[in-house]
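**Student:** Quick one: this structure, given as structure tokens, is what I'll be asking you about.
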Amino acid sequence: MKNILVIGSAGQIGSELTPELRKRYGHSNVVAGIHKTRPSRELLESGPAEIIDITDGEQLPPVIRKYKIDTIYNLAALLSVVGEARPLEAWQVGMNGLLNVLEVSREYRCAVFTPSSIGAFGLSTPLDNTPQDTIQRPQTMYGVTKVAGELLSDYYFKRFGVDTRSVRYPGIISNVTPPGGGTTDYAVEIFYAAVKEKKFTCPIGPNTFLDMMYMPDALEAAIQLMEADPSRLKHRNSFNVTAMSFCPEMIAEEIRGQIPDFKISYEIDPIKQSIADSWPNKMDDSCAREEWDWNPKYDLPGMTKDMLGITEKKAESGFPSSEIGPRAS
Ligand code: SER
């Protein structure tokens, strides 16, 4: 990886992956691709940056040529709940956008990382210790685009030799940019609510288990997989990766270890609940461990301690308005 383009740089993952890649590969070698609806002054001013809409196939080639890009991190997506509200847009971005990225990568020989998700599974999948290779019949548009995206990316690898690689991310917990309308967002929102109000109203039921991961491990997964020795990879699109599996009661209990009077109550959101019920409780990520040494650092106690520490510091200096609650997407 010498010249990297991050598409979706202003999003939850992109806003942390872009600076991390710049730290590792050199500031001027990482171009921030930003969507016009989410202009980020910080990104536009801190290094090379371009406004890009991947649903317009004409916009990518000039950027690839201008910066001699050889690696693309394609993070553009509408998350699961927003995808149910705007399914055609979710398809446009997830599929037509991906096709444009793969086509430009075929032409200019770029490697491509496009995250898949726990959302690529559905009710007919074994939900405990979900195998790497198993039934994938998701019920959401988000999931449909993720499964189709996995297949399309594998097709471009096999048919055209494009170096496509991907992980199935679980819910990602982070403290820089809020997630934009996913089912797992509660696991981020709970920390802000705990610090501000010592109480949280949870939209999914107390015993609903889902896989989760802290952002530092999510960044490591993406970079480590893109750096992996290709001769070791039996899979490509996509690897199960997880770091912890918990339900709302468990994370509330963990938070109470540091904020003893923290209270959780429940107001179930039927859409979020039905999506969460159709996703794995816990994935088996042994293929990622075997093929590219995946080994996450943060478990539930480690992540909770770090998240609370950072969220408390932010509260002391006043939350930026973009972090007060979930972003309307
Ligand atoms: N975090 C995503 C969502 O909840 C899942 O990958 O939609």
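**Student:** Once a ≥ b ≥ c are taken as the square roots of the eigenvalues of the Cα gyration tensor of the range 234-318, is the result rounded (a/c under 1.5), prolate (a/b larger than b/c) or oblate (a/b not larger than b/c)?
**Tutor:** oblate
**Student:** For the chain, modelled as a GNM with alpha-carbon contacts under 10 angstrom, which of P115, P206, P170 fluctuates the most?
**Tutor:** It is P206.
**Student:** Please state, to two decimals, what the Cα-based radius of gyration of the range 1-67 comes to when divided by 2.2 N^0.38 Å (N = residues).
**Tutor:** 1.01
**Student:** Another one. Filter the trypsin sites (Lys or Arg not before Pro) in the range 205-289 to those in DSSP coil with at most 13 other Cβ atoms within 10 Å of their Cβ, and list the result.
**Tutor:** Details: sites: R232, K234, R236, R256, K263, K272, K282, R289; in loops: K234, R236.
Those that pass, being in a loop and sparsely packed, are K234.
**Student:** On to the next question. In a Debye calculation with equal point scatterers on the alpha-carbon sites of the chain and no solvent, what is log10 I(q)/I(0) at q = 0.08, 0.10, 0.14 Å⁻¹?
**Tutor:** Each listed q corresponds, in turn, to -0.34, -0.54, -1.11.
**Student:** Between E312, E267, E58, where does the largest GNM mean-square fluctuation fall for the chain, given springs only between Cα atoms within less than 10 Å?
**Tutor:** Taking springs between Cα atoms under 10 Å, the residue moving most is E267.
**Student:** Pick from S117, S231, S40 the residue whose mean-square fluctuation is largest in a GNM of the chain, springs joining Cα atoms under 10 Å.
**Tutor:** Ranking S117, S231, S40 by mean-square fluctuation puts S231 first.
**Student:** Here are some pairs, K146/K198; K199/K313; K198/K282; K199/K272; K66/K272; which of them have Cα atoms lying more than 30 Å apart in this structure?
**Tutor:** With Cα atoms farther than 30 Å apart: K146/K198; K66/K272.
**Student:** With charges only on Cβ, +1 for K and R and -1 for D and E, what is the dipole size of the chain about its Cα centre, in debye, rounded to 20?
**Tutor:** Dipole magnitude for the chain comes out near 700 debye.
**Student:** For the range 209-266, give the magnitude of the charge dipole about the Cα centre (Cβ charges: +1 Lys/Arg, -1 Asp/Glu; no others), in debye to the nearest 20.
**Tutor:** Working: 5 positive and 9 negative charges, 49 e Å.
That gives a dipole near 240 debye.
No value in this document is a laboratory result; all are computed from the given coordinates. Bear in mind that the values here come from a model prediction, so they are computed numbers and not experimental data. For neighbour counting, all protein chains shown are included, and Cβ atoms are generated from backbone atoms with ideal geometry for every residue, glycine included.
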